[in-house]
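One structure below.
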Amino acid sequence: MKEDQMMCKKYWLSFLLIVALSLTACSSQAEDPSEGQDKNKKAATEIEGILKQEPGPFSGKEISMDKLHQELDQLPDDMKADEAYTHLVNQVGEDYQSVAKKIENFDPSYQVDGFEKKGGDGKEQADGDKEKKQLHIEILLDASGSMAGKVNGKVKMEEAKEAIEDFVSDVPKDAKISLRVYGHKGSNAQKDKAVSCDSAEVIYPHGAYKKDAFSKALDQVEPTGWTPLAKAMNGAKQDLASETGKDVKNVVYVVSDGKETCGGDPVKEAQKLHKSEIEAVVNIIGFDMDASSRQALKEVAEAGGGFYESVKTGEDILRIFRENREKVMDAHRATNYRNRHTFDMMAHKRAMQEKIDDLVSQLYPQRGTLVIRYDREQERLEKAAQYLEDQGKLNEEESKKLDKLLEKRHTELKNYREKKQKEMNDQLDQAIEQASEQVEENISD
């Protein structure tokens, strides 16, 4: 009986030991990180599969070639090329999933904000070093004796002054203003003609609008002499001579109640202003004029590329100025809006081009991530393949087949890079073109 009990106890001890060993084995298997993974899964040879494959343990910047050789030493002898290819790729294959994701998700779109034509303060401009259109306005005020006449009981000169001051007080704040008066010396008598016809003078120098200084300059003007309009426009050309270039807009306004009386050729001078590098637009407001004078000044305005408006009262001058001020401000804002986006789009394009280069550029010294990885991979694959051949793991014929498989893999990656670089550059060009079109549509709406 005692012996039976001892035998039973030994039996149960053996059974428990077997169970414990089994559980330990299961636990070890569960903790093995390679569980469920097929380390010998056939490596892809086409680009779709290559980009999806997990990177090998000997990928990345720094690896130990000794450890890689130790892994390769465990491979069987007399391998076939495709078998060796799979082993090598599974060991040193690079991470293409992350870089391919960035390439496929590349978005070069540029957001264009809205544009308001009216209701602003004229401050629409580029910030910092961004380009903007500089607006220059020169006013030519007729101070001939006839401007002392009255319309509806009001002196024409005073009406003109009031309208001019109202106009300049609300032009874009970064605009530059100048005021030139002509015919303001001598008198409109024959004996003073020479003196008067030689008078065309800047009384408010070209610069930012300052209310007190401008008012003081305007207050000193008194109507007295003849009408040297051509001389005044020639002077305006000199005043604006340095204001040239694609980022400059020059506008000349003439306020007059009569045609040229000093023998000059204002049509010729208007053409010079408009067609020179200054490219000024000459606008004329004709105040209470006869038919002959109206026709003469219309021709001057046409030659200067601007408008002619005939008015009968000071209120009309004010209305014309205000209407044109909105047009000037709209044009000014539109130009600055366009220039701001042009600058931003250039910066955006440079930034997007850098992203493209960071991913797929093949130029030294700044190669893209994709190129760095497939070149590094190719170098390691070739060295590993040579090592297998040297160790007798591959015969000469299979070694040559393996070389072709490695070359095909590298070619697949290079072709993918070339294709995606072109696609991304085309996407970027299209995004900039669409943004430019949107800017123009916003301005024209």
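The values are calculated or read from the model by the stated rules, or taken from the named source; none is laboratory data. The model shown is predicted, which means the values in this text are computed figures rather than measured ones. Here the Cβ is made from the backbone with ideal geometry for all residues, glycine too, and neighbour counts use every protein chain on show. Each accessible area value is taken on the protein alone, full model and side chains, heavy atoms only, with ligands, DNA and RNA left out. Shrake-Rupley method; radii C 1.70, N 1.55, O 1.52, S 1.80 Å.
May I ask you to verify whether residue 176 is open to solvent by 60 Å² or more (accessible area, probe 1.4 Å) and at pLDDT below 90?
no
Quick check on the stretch 372-398: of everything there that is open to solvent by 30 Å² or more (accessible area, probe 1.4 Å) and in contact (Cβ under 8 Å) with a residue 40 or more places away in the chain, which residue is nearest to residue 50 (Cα to Cα)?
So, considering only residues that are open to solvent by 30 Å² or more (accessible area, probe 1.4 Å) and in contact (Cβ under 8 Å) with a residue 40 or more places away in the chain, the one nearest to residue 50 (Cα to Cα) is 373.
Considering the stretch 411-426 alone, what residues qualify as being of a type in the set (S, T, N, Q) and either within 16 Å of residue 363 (Cα to Cα) or surrounded by 16 or more Cβ atoms within 10 Å (Cβ to Cβ) (or both)?
Listed by number, the residues that qualify are 415, 421, 425.
Does residue 237 count as open to solvent by 10 Å² or more (accessible area, probe 1.4 Å), under 41 Å from the mean Cα position of the chain (by Cα) and charged (D, E, K, R)? Don't jump to the end; show me each part of the working.
Details: open to solvent by 10 Å² or more (accessible area, probe 1.4 Å): yes; under 41 Å from the mean Cα position of the chain (by Cα): yes; charged (D, E, K, R): yes.
Yes: the conditions hold for residue 237.
Take the stretch 234-271 and flag every residue that is within 23 Å of residue 332 (Cβ to Cβ), touching a helix residue (DSSP H, G or I) at 6+ places or on another chain (Cβ under 6 Å) and among the hydrophobic types (A, V, I, L, M, F, W, C).
Listed by number, the residues that qualify are 252, 255, 270.
Considering (1) open to solvent by less than 20 Å² (accessible area, probe 1.4 Å); (2) closer than 30 Å to residue 87 by Cα, say which one residue 328 fails and leave the rest.
Here residue 328 meets the rest and fails (2).
Cβ-Cβ distance below 7 Å, separation of 6 or more or different chains: which pairs start in the stretch 148-172 with a residue that is closer than 17 Å to residue 257 by Cβ and end on one that is acidic (Asp, Glu) and assigned to a loop (DSSP other than H, G, I, E, B)?
Sorted first by the residue in the stretch 148-172, then by its partner, the pairs are 151/288; 156/257; 156/288.
I'm trying to understand the selection: among the residues of the stretch 63-83, which are under 57 Å from the mean Cα position of the chain (by Cα), under 18 Å from residue 395 (Cα atoms) and open to solvent by 80 Å² or more (accessible area, probe 1.4 Å)?
Matches in the stretch 63-83: 80, 82.
A quick yes/no check of all residues on (1) open to solvent by 10 Å² or more (accessible area, probe 1.4 Å); (2) modelled with pLDDT of 85 or more; (3) over 30 Å from residue 440 (Cβ atoms); (4) touching a helix residue (DSSP H, G or I) at 6+ places or on another chain (Cβ under 6 Å):
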position	(1), (2), (3), (4)
119	yes, no, no, no
122	no, no, no, yes
142	no, yes, yes, no
145	yes, yes, yes, no
161	yes, yes, yes, yes
167	no, yes, no, yes
183	no, yes, yes, yes
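Of all residues being in a loop (DSSP other than H, G, I, E, B) and over 18 Å from residue 96 (Cα atoms) in the stretch 40-72, which is modelled with the highest pLDDT? Just the residue, please.
Checked the stretch 40-72; the qualifying residue modelled with the highest pLDDT is 64.
What single numbered condition from (1) of a type outside the set (Ser, Thr, Tyr); (2) modelled with pLDDT of 95 or more; (3) in contact with a helix residue (DSSP H, G or I) (Cβ under 9 Å, 6 or more places away or on another chain) fails to hold for residue 105?
(3)
With the stretch 285-401 as the region, which helices (runs of 4 or more DSSP H) entirely inside it contain at least 3 residues that are over 28 Å from residue 234 (Cα atoms)?
314-360, 369-390
May I ask you to list the residues in the stretch 246-282 that are in a strand (DSSP E or B), closer than 21 Å to residue 199 by Cα and either open to solvent by 30 Å² or more (accessible area, probe 1.4 Å) or polar (S, T, N, Q) (or both)? Don't jump to the end; show me each part of the working.
Within the stretch 246-282, the subset in a strand (DSSP E or B) is 248-256, 281-282.
So of that shortlist, the ones also closer than 21 Å to residue 199 by Cα come out as 252-256, 282.
Across the stretch 246-282, the qualifying residue is only 256.
Which members of the stretch 276-312 meet the condition of being among the acidic types (Asp, Glu) and closer than 19 Å to residue 250 by Cβ?
Residues of the stretch 276-312 among the acidic types (Asp, Glu): 277, 279, 288, 290, 299, 302, 309.
Passing the criteria: 277, 279, 302.
Counting only residues that are over 13 Å from residue 257 (Cα atoms) and either out of contact with any His (no Cβ under 6 Å at 6 or more places or on another chain) or of a type in the set (Ser, Thr, Tyr) (or both), how many does the stretch 285-313 have?
The qualifying residues number 7.
Test residue 401 against the criterion of being more than 19 Å from residue 48 (Cβ to Cβ), open to solvent by 90 Å² or more (accessible area, probe 1.4 Å) and of a type in the set (Lys, Arg), and give yes or no.
yes
Could you please find all residues in the stretch 303-319 being touching a residue at least 40 places away in the same chain (Cβ under 8 Å), buried (at least 20 other Cβ atoms within 10 Å of the Cβ) and not small (Gly, Ala, Ser)?
Within the stretch 303-319, 317 is the sole residue that qualifies.
Within the stretch 430-445, track down each residue that is more than 18 Å from residue 349 (Cα to Cα) and in a helix (DSSP H, G or I).
440, 441, 442, 443, 444
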